[in-house]
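Okay, so here's the structure we're looking at.
Throughout, read-outs are computed from the coordinates displayed, never taken from laboratory work. Bear in mind that the values here come from a model prediction, so they are computed numbers and not experimental data. Backbone-built Cβ (ideal geometry, glycine too); neighbour counts: all protein chains shown.
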């Protein structure tokens, strides 16, 4: 009984150390490569193959399919990726997660890293405590890498004891029903551990020690593959439509993979058994890692030709609902600062485009029957964006992310002022009878057309600069006209009431141009390699 308790403690402790190592290494790598990963995804994600490559790289670097899946959901929610592109990225993420199995199979058992793993943990901890920025993030990754192999070594000791207490023959396997039961066990393992990588490492360790046979290990891996989609499914509850679609695809693709793996399982077992006589001890772990990779590659080959149809089907199954302006604000990406800030950015671009459309109509004195519903939807979108922006977690420092977040906050402030300005529709009555002001209003409307043509998120620098130049010109006109109006009022050529209305109308046009310009400058600063002036 004492031996069984010791085995249990070692197994639980080893799994815990492995999980903690994975978490630390993932957090450190994300901190080091977070913004670089965004650039890679933007650069590579175009066609299906390039999206698969981007998803694979994302998972290999982050060493977490869960993290890469949530990042993909964030990319879709924030507008970095279309839903169709995300399907291929998810395929790549599933391929990339096989890298952990290869890492464990090739290094965890072939090399005696346990002795130096503690050195990695110590060095990493010192780097984290004494270093800053990238040094501290590197230290977290190094410590995590060391803990992974400490965990594997601890699991091996536990599995040694377990092998003495039980025989592989006690476990189901070898038959159709037995294999199905092991698939279910593998599924439960991943759900409990909340990590398919940890479940895979546990299975590889058991196979290495001889606690289970290859066919039993392969069946467990199939179940672990399906279990990895549970986390994404849970994360999609209450999330945005893109998140739900992406999670549904993750589940569907994993089920397809599992069906393929179960179909080729007998052939894989027969092939490994045939070669086992000539293989050195330990090669079964490599065979299991290869089996894991092969059935995922086969799944990718099968679905790639029909991705367009799959995207259409999933779109129909999970249709768009809710306000259009805030469709990118997804609470599930709040823990990923890059994606969350991008989601707020894209939302404000949509809101600013809508405000510009409303402003153009007012400046051109066009009828607006739906004015109140539009302005209400703008208010709601700005309010939700403010709440979303406040809820973004910043687990690590990044000057680039903080700069973008600050720019979004500045734009939000100007857009609130712009929305308040748009409500003052009564100034149009004054503009109609003032030819010079009517001309300024028409010119501003024309420039707004130029900047926000098609709702682009990256306007041409020349058009944005023209909006800034016009805003400065309107400010100069306002100051000059104010002196003229006050002089005419003093000379009794116009009444004070008329003078005040004219000055208010001039300020109204000026504010429309100014707040639109400032909001756009903060949102688009740095795009196209161009930096717009940010002085207030």
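By the count of other C-beta atoms within 10 Å, a proxy for reagent exposure, 511, 432, 369 are ordered fewest to most as 369, 432, 511. A Cα-only calculation for the stretch 331-529 places Rg and Dmax at 18.7, 64 Å.
By the compact-protein rule of thumb, 2.2 N^0.38 Å, the alpha-carbon radius of gyration of the stretch 342-386 corresponds to a ratio of 1.22. Packing around the peptides 85-97, 467-479, taken as the average count of other Cβ atoms within 10 Å per residue, puts them in this order, highest first: 85-97, 467-479.
Going from the fewest other Cβ atoms within 10 Å to the most, the residues 495, 425, 138 appear in the order 495, 425, 138. Sorting 100, 56, 489 by the number of Cβ atoms found within 10 Å of their own Cβ, with the fewest placed first, yields 489, 56, 100.
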